[in-house]
Each structure stands twice: as structure tokens, then as C-alpha cells.
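*Asks:* Below you will find the structure I want to go over with you.
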Amino acid sequence: MKTVNHWIGGKTVEGASGNWGPVTDPATGEVTTEVALASVEEVDAAVAAAKEAYATWGTSSLAQRTAVLFRYRALLDARRDDIAALITAEHGKVHSDALGEVARGLEIVELACGITTQLKGELSTQVSNRVDVASIRQPLGVVAGITPFNFPAMVPMWMFPLAVACGNTFVLKPSEKDPSAANLLAELAAEAGLPDGVLNVVHGDKVAVDALLAHPDVAAVSFVGSTPIARYIHTTASANGKRVQALGGAKNHMLVLPDADLDAAADAAVSAAYGSAGERCMAISAVVAVGHIADELVEKIRERAEKIKIGPGNDPTSEMGPLITKAHRDKVASYVTGAAAQGADVVLDGTGHTVDGFEDGHWIGLSLLDKVSTDSDAYRDEIFGPVLCVLRTETYEEGLELINASPFGNGTAVFTRDGGAARRFQLEVQAGMVGVNVPIPVPVGYHSFGGWKDSLFGDHHIYGNDGVHFYTRGKVVTTRWPDPSEGHLGVDLGFPRNH
């Protein structure tokens, strides 16, 4: 059986804890790989390697860093199919979706290649007689990233390329459910010339996570995952004096106004709700239909959803793959089987779906629930699967109030032909990312990604300008050089004379 070990100090390090976790092919249900689960001592070794590397990497030139990143970008581009194949084998998403994940991660590598512009400081000359003031940004030191199973390549690339471009060294703890992509990313970074110890990968469970959160040599922690764990990460790491960005869960709404193009809205709802089997924090999981359009919109969504082909991710004809684990599949199904008792109309029930020849896979079909109430389990919880809820309101104001009452504030969208209504929505809705006739408003790499309310813990969003600020700290330098023609000026206990 294949084994996945740690990557520490520029080389593969075999797991020494004696603990291993199973990695399953979601399409077959078969355990194909074992992943080493790190002990506290193994986490310490990774942090030590990163700390040693920081002594030279933290003072390296911007030219040296960007040269490595440009070579890294080229290697990732050349190997994108190999990375996508690992994602499909362990996560289950279809190959085209996995390729899309790699492409979105590459955006942040490209941003990191231009770090010379992002790290430019500011200078004010002659603020007082022969006094200049400069603002600069410097790296933090050793930083860590803890990433989820649903994007095993993209989310790590949202973190470490910017972190190392800023001069930090990095310890990555990826999901133990699909760990292989992270190792390949690290190996390619080494091939690109990233010095040993600048990027390290330790696999593990809560033991490894807690070791990183408590380690005195880790200056900052980035996290993407569920809201309960994000809250725990933020509380624990902050208590240990670390800078934290912890991105949590979501219940993303799509408000469809009566004037919307319903065909476009239905296409968008199906793509955003069921893509990647709904296992993404930017999935649309609640459509809010305003006014008389609800029946027609639900029917259009149903017609499209019934045509989606579900199958193994390595089958080019598959449009949606299985869920990550059997336990998660069963949990998602429970929201559908219990929906009718909580007042919903079950328009589509995908809980009985199977795929011929792959009966042991973690399969579930597409489910569509109409007339869902805001106090039902299917609405309140982040399901993280291919289940779309439809809620109905009579007015825009009622729809907006419903959305803003959610404890989540990750992403949202409005579908309308009315520019005034769209402008009002983007200003009034309480969410960090807004789409106007765009169902999944994930920002491009040079704008930052992040939500509001229970979808984000910490002050910084991820990547973009916020990412650069998160991985650096500001310093202001005030300088005075006496003119060679002047002698000693004497003691002055007053404030500097700036005016």
C-alpha cells in the first residue's frame, strides 16, 4: 500500500509516531494509502527546520525569492495534470474541476512572483530639518498553514507562496484525508530551487494542529475549515500570542429578483450548488426566490439538476464525483431524509443514488428542497454537500433581511437586470464577497478572499493585499543625518520641530 510521509528540511522524512491514517478512494470506497500522523516531536522538527532556514531566507533578496517563484510557477504549470490526478484519486472531484483548482492556486503563485511591488515601502523626506521617515514591511519568521480536504492544492497555494515570497518560512499541515497533493507541491518547490526548510509539510490530526498552535517559534497561523474549528484555532493560537487568520464555514445565499433572467439564474444555481459535489465554502446552498418567480425557478433548477451525470472523477464524462468519506455522505443524506418532516418539499432526493460498477463508493445524488424554513436543520447548518435549499419571500427587503440574519457571511449573490437594485444589495448585504449575476464570487488573486461574521475569525482576509499584510509586519524608521557643514547641535528635550 502507498504511504505518504512528511516533507521536512527539503526531503521526505518517514513517520516515526507509529500512527497512520487511512486515505480512501471515494469512488470505490477502497483504502489506497496510509498517511503518517505526526507526533509533537515531529512537528517540533519541522518548525526547527523552518526556523533554521529563516536565518538566511528571511534576509534573502527579493530577486532571489522571485527567481524561485517564477521557476515554481513553470513547474506547476507543466505538472498541473499530475496534481489534478492526485486530487481526483483522494478527494474524488472530477478531473476538470481539479484542474480548475490548480489554476486558481496558480493565480496566487503569480501574485507572489510580483512581490517586489507588493513589498514597496513609503518614504517621506524632509518631515523636519534633515529628517526622513520611511515605512517598511518585514517578514514574521516561521508561519503555519492548516488546510481543508476540499481543496488540497488550491488552499495551500493561497498561503505558502505569498508567505515565502514575503521572506517567511512555512510549515503546512494539510488534511489527512487527501494528503498527496501537498507533498507534490513541496517537491516541486524544492525542484524550483526553494532552499531546504523554507517549506515543510507535516501530516497529522489534532495532535499536530495543537502542537503548531502552541509552538513558541510559530509566529502566525492561517486556517481554512469549518466554523467551530476556525473559532478554536483563533482562540487557541491567539491565546498563545500568534497572529491568526481563520476562515470558517458558510451558508451562501443567492437572491433572485423577479426581473432576473431565470434561465441564467437556474444555470448558475445548479453550477454553484452542485459543483465539486457541494464540498466548497463558496457553494450556493440557499436560493432566495422573490415574488411570483419561485415556482418557475424551482422547475428550471430541477430540469437541469436531473441531467447532471455523476460518476468517478477520472471518467471524462462525469460532471460530479462522490463525497470524500462514507461518514460525510451519510451525514449529508440525513439532511434530505429529514427535510419533509421539517416542512420542506423534497423536489429531488439524491440519497439513493449509486453508480454501476462502483457500488461501494461514497455516492449521493443531487437534492433540491423547496419551501425550506429558516428554522430547519437543512437551512441552519452548513451541509457541505449537493443539497440546494429554496426559500421564498415576497419582497427584496424580506429577502435581504433573511440573508443578513444568517450567522454566516462568507459569500452571496444577486440575480437581477436592475442596476439600482444590484447596487443597493451590494451595499446592504452583510457578507464579505458579493456577486452580481455571478454565483460564486471568489475574488481573483490580487483581491483578497474572506467573509464576515462567523465565516472569518481574525482581522485579515487571505491572499491579495490582506495576505501580504498578514505575512509581514510594519516598521517605521525615522532618520536624521547632520549636514557635514554643521557641528554638534546640542541637547533639546522638546518635541521635534516639524513646523
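*Asks:* Which residue, of 203, 253, is surrounded by 23 or more Cβ atoms within 10 Å (Cβ to Cβ) and assigned to a loop (DSSP other than H, G, I, E, B)? Lay out the reasoning, then the answer.
*Replies:* Numbers: 253 fails: assigned to a loop (DSSP other than H, G, I, E, B).
Unique residue meeting the criteria: 203.
*Asks:* Can you tell me which residues in the stretch 455-484 are in a loop (DSSP other than H, G, I, E, B) and over 25 Å from residue 218 (Cα atoms)? Let's see the steps before the verdict.
*Replies:* Here is the first cut: in the stretch 455-484, the residues in a loop (DSSP other than H, G, I, E, B) are 455, 458-461, 463, 471, 481-484.
Once the filter is applied, which keeps residues that are in a loop (DSSP other than H, G, I, E, B) and over 25 Å from residue 218 (Cα atoms), the stretch 455-484 yields 481, 482, 483, 484.
*Asks:* Residue 142 passes all but one of (1) loosely packed, with under 15 Cβ neighbours inside 10 Å; (2) farther than 30 Å from residue 320 by Cβ; which number fails?
*Replies:* (1)
*Asks:* Quick check on this structure: which one of 269, 294 is at pLDDT 95 or above, open to solvent by less than 10 Å² (accessible area, probe 1.4 Å) and within 30 Å of residue 154 (Cβ to Cβ)? Spell out how you get there, then give the answer.
*Replies:* Values: 294 fails: within 30 Å of residue 154 (Cβ to Cβ).
On inspection, the qualifying residue turns out to be 269.
*Asks:* So in the stretch 117-132, with the set limited to residues that are touching a residue at least 60 places away in the same chain (Cβ under 8 Å) and outside any loop (DSSP other than H, G, I, E, B), which one is farthest from residue 475 (Cα to Cα)? Reasoning before the result, please.
*Replies:* Taking the stretch 117-132 first, the residues touching a residue at least 60 places away in the same chain (Cβ under 8 Å) are 118-119, 127-132.
With outside any loop (DSSP other than H, G, I, E, B) added as a condition, the list becomes 118, 127-128, 131-132.
Working: 118: 15, 127: 17, 128: 19, 131: 17, 132: 14 Å.
Out of the qualifying residues, it is 128.
*Asks:* Pairs, please: C-beta under 9 Å, at least 6 apart or cross-chain, first residue farther than 12 Å from residue 91 by Cβ and in contact (Cβ under 8 Å) with a residue 60 or more places away in the chain and in the stretch 19-36, second among the aromatic types (Phe, Trp, Tyr) and not in a loop (DSSP other than H, G, I, E, B)?
*Replies:* 35/20; 36/20
*Asks:* For residue 308, indicate whether it is part of a loop (DSSP other than H, G, I, E, B), among the aliphatic types (A, V, I, L, M) and either at negative phi or open to solvent by 60 Å² or more (accessible area, probe 1.4 Å) (or both). Lay out the reasoning, then the answer.
*Replies:* Details: part of a loop (DSSP other than H, G, I, E, B): yes; among the aliphatic types (A, V, I, L, M): yes; either at negative phi or open to solvent by 60 Å² or more (accessible area, probe 1.4 Å) (or both): yes.
Taking the combined requirement at face value, the residue satisfies it.
*Asks:* Considering only residues that are under 27 Å from residue 271 (Cβ atoms), open to solvent by less than 10 Å² (accessible area, probe 1.4 Å) and aromatic (Phe, Trp, Tyr), which ones fall in the stretch 439-473?
*Replies:* Of everything in the stretch 439-473, those that are under 27 Å from residue 271 (Cβ atoms), open to solvent by less than 10 Å² (accessible area, probe 1.4 Å) and aromatic (Phe, Trp, Tyr) turn out to be 449, 463.
*Asks:* Which of the numbered conditions does residue 317 fail, given that it passes all the others? Conditions: (1) in contact with a helix residue (DSSP H, G or I) (Cβ under 8 Å, 6 or more places away or on another chain); (2) farther than 21 Å from residue 251 by Cα; (3) β-branched (Val, Ile, Thr).
*Replies:* Single failed check for residue 317: (1).
*Asks:* Okay, moving on. Can you name the residue in the stretch 17-32 that is buried (at least 16 other Cβ atoms within 10 Å of the Cβ), under 22 Å from residue 330 (Cβ atoms) and not small (Gly, Ala, Ser) and, of all such residues, is farthest from the chain's Cα centre (by Cα)?
*Replies:* 28
*Asks:* Now for a different question. Would you mind stating whether residue 221 is open to solvent by less than 10 Å² (accessible area, probe 1.4 Å), touching a residue at least 60 places away in the same chain (Cβ under 8 Å) and over 15 Å from the mean Cα position of the chain (by Cα)? Spell out the reasoning first.
*Replies:* On the way: open to solvent by less than 10 Å² (accessible area, probe 1.4 Å): yes; touching a residue at least 60 places away in the same chain (Cβ under 8 Å): yes; over 15 Å from the mean Cα position of the chain (by Cα): no.
Judged against the criteria, residue 221 is not a match.
The values are calculated or read from the model by the stated rules, or taken from the named source; none is laboratory data. Everything numeric here is computed off the predicted structure, so don't read it as measured data. Note that we place each Cβ from the backbone using ideal geometry, even for glycine, and neighbour counts take in every protein chain shown. Note: areas computed on protein heavy atoms with side chains; ligands, DNA, RNA excluded. Shrake-Rupley method; radii C 1.70, N 1.55, O 1.52, S 1.80 Å.
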